[in-house]
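Structure first, commentary second.
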Amino acid sequence: MELHILEHSLKVASIEKEGIQICAHGLIKLAFLASKTRCKFFSLTETPEDYTIIVDEEGFKELPQSDLISVADATWLALNVVSGGGNASSSQPIGVTKIAKSVIAPLADHNISVFMLSTYQTDFILVRERDLPMVMHTLSSEFTLLRVVNGETVAAHELGVSNGFIKPKLVPRPIIHPLSSPSNMFCVTSLDPDTLPSVATLLMDVMFYSGGSKEAGASGEDSTHIRFFSFSLIEGYISLVMDEQTAQRFPNNVLFTSASGELWKMVRIGGQPLGFDECGIVAQISEPLATADIPAYYISTFKFDHALVPEENIQSVIRALRTESAAP
């Protein structure tokens, strides 16, 4: 398999809920008027706590300076595992559980913190730019390492580091953060960029206004129903993660959905903001899922992590992860 190091230099930021209005102009431009910007990598995820933005340096220029925006330290690079060559974004996704033991666990063993973004098309592993030499050192004998330069894929050099891959440790990684599973079910989907204008008004309502009182009333007395919506526009490909009720607001045949209409349940990781320096959080979750051969999408946000697993697997997932939890 190949590991592609994408050319985007990324910023990870949090916008407080009350700050979304001052950022709306820039976010609308990034999401709906991408041709008017030079941005190639943009992701916006809303959680109950805040909005998380992952954006390249060109896109970051579209956002205002504000005390309501917190930016994570350092510049981040996106890694993409590609099976059988081809363009990373258009290849069949590998799945976060499929790369748990070959990528995520070894990086955790080398104290390299990762930030995950699964999309409809593929999985991006974000690492700090300063960690790239150790990333390459760790994975070089397991993967063909390639860098994307000016849109072209070329062989990556080892940056002066050699003697790479060390097999993951066999000792279990206890899960040390609280886990919860919201009651709502989610869709992981996409749409043709050409149809974006036809649903732009609806998408803007979902992205910027649906967290208000009308949605709180719609969810009734169910306090475990959470607000979660993710929109990514990366190298021309759109990915959406939304709950089932939100998906039903879209016209028929606009969203790409599987014939089975597969729905996903969420496991939310973290009782308080996780930060960016702790290593192994993604590995703690993805390794047990990989062992059980359960597919998963994984989305890190500024404060918490989120794993999406098939609806029918949620009980076995919770059991497996609780088994891995540290003793009180």
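The values are calculated or read from the model by the stated rules, or taken from the named source; none is laboratory data. Worth saying up front: this structure is predicted, and the values here are computed from it rather than measured. Virtual Cβ from ideal backbone geometry, glycine too; neighbours counted across all protein chains shown. Just the protein is used for accessible areas: all its heavy atoms, side chains included, with ligands, DNA and RNA removed. Shrake-Rupley method; radii C 1.70, N 1.55, O 1.52, S 1.80 Å.
Student exercise: in the chain, how many lysine pairs 8 or more apart or on different chains have Cα atoms under 22 Å apart?
Lysine pairs satisfying the spacing and distance rule in the chain number 19.
Show the residues, 5+ positions off or on another chain, whose built amide H is closer than 5 Å to the amide H of Phe42.
Answer set, sorted by chain and number: Leu233, Ile234, Glu235.
Just how much of Ile125 is accessible, in Å², when a 1.4 Å probe is used and the result is rounded to the nearest 10?
Approximately 0 Å² for this residue.
For segment 38-55, what does the Karplus curve 6.51 cos²θ - 1.76 cosθ + 1.60, with θ = phi - 60°, yield as ³J(HN,Hα) per residue in whole Hz, taken in order and with x for Gly and Pro?
Values, residue by residue: 9, 6, 10, 9, 9, 9, 10, 10, 9, 10, x, 8, 6, 10, 9, 10, 10, 8 Hz.
Mind checking which of Thr138, Thr37, Thr47 has the largest fluctuation in a GNM of the chain, springs on alpha carbons under 10 Å?
Thr37
Using a 1.4 angstrom probe, figure out how much accessible area the chain has per residue, in square angstrom, rounded to the nearest whole. Can you show the working numbers first?
On the way: 14570 Å² over 328 residues.
The answer is 44 Å² per residue.
Using only the heavy atoms of the protein chains and a 1.4 Å probe, how would Cys279, Cys23 rank by accessible area, largest first?
Numbers: Cys279 40, Cys23 0 Å².
So the residues, ranked largest to smallest area, are Cys279, Cys23.
In nm, what is the difference between 0.36 nm times the number of residues separating His157 and Thr144 and their Cα-Cα distance?
Numbers: separation 13, 0.36 × 13 = 4.68 nm, distance 1.07 nm.
Taking His157 through Thr144 to full extension adds about 3.6 nm, to one decimal.
Which trypsin sites (Lys or Arg not before Pro) does segment 30-74 hold that lie in a coil by DSSP with at most 13 other beta carbons within 10 Å? Kindly include the intermediate steps, with their values, before the conclusion.
Details: sites: Lys36, Arg38, Lys40, Lys61; in loops: Arg38, Lys40, Lys61.
Listed in order of number, the matching sites are Arg38, Lys61.
Each residue of segment 99-106 in order: what ³J(HN,Hα) in whole Hz does its phi give by Karplus 6.51 cos²θ - 1.76 cosθ + 1.60, θ = phi - 60°, with x for Gly and Pro?
Here the 3J(HN,Hα) series is 9, 4, 8, 8, 10, 5, 5, x Hz.
On a 1.4 Å probe surface of the protein chains, which of His306, His110 comes out largest in accessible area, and what is the full order? Don't skip to the end; give the middle numbers.
Details: His306 5, His110 45 Å².
Solvent-accessible surface, decreasing: His110, His306.
Got a sec to turn the phi values of segment 108-114 into Karplus ³J(HN,Hα) couplings, 6.51 cos²θ - 1.76 cosθ + 1.60 with θ = phi - 60°, whole Hz, x for Gly and Pro?
For segment 108-114, the Karplus curve yields 5, 4, 9, 6, 9, 6, 10 Hz.
Heavy atoms only, 1.4 Å probe, whole protein assembly: order Glu16, Glu312 by accessible area, highest first.
Details: Glu16 65, Glu312 135 Å².
Most to least solvent-accessible, the answer reads Glu312, Glu16.
To the nearest Å, what is the center-to-center distance of segment 238-300 and segment 104-145, using C-alpha atoms only?
Their Cα centres are 19 Å away from one another.
Amide H of Leu191 versus every other amide H placed in the peptide plane: which residues, excluding those fewer than 5 positions away on the same chain, fall under 5 Å?
The answer is Ile238, Phe256.
Let me have the 222 nm mean residue ellipticity of the chain computed from DSSP H runs of 4+ only, each contributing -39500 (n - 2.57), with the sum over all residues rounded to the nearest 500.
Values: 9 runs with 71 residues, N = 328.
Rounded to the nearest 500, the figure is -6000 deg cm²/dmol.
Which residue, Tyr297, Tyr120, Tyr209, tops the fluctuation ranking in a GNM of the chain built on C-alpha contacts under 10 Å?
Top of the fluctuation ranking is Tyr209.
Which entry in [x] 56, 48, 43; [y] 80, 46, 31; [z] 95, 55, 39 is this structure's computed Cα extents along the principal axes in Å?
From the options [x] 56, 48, 43; [y] 80, 46, 31; [z] 95, 55, 39, the structure gives [x].
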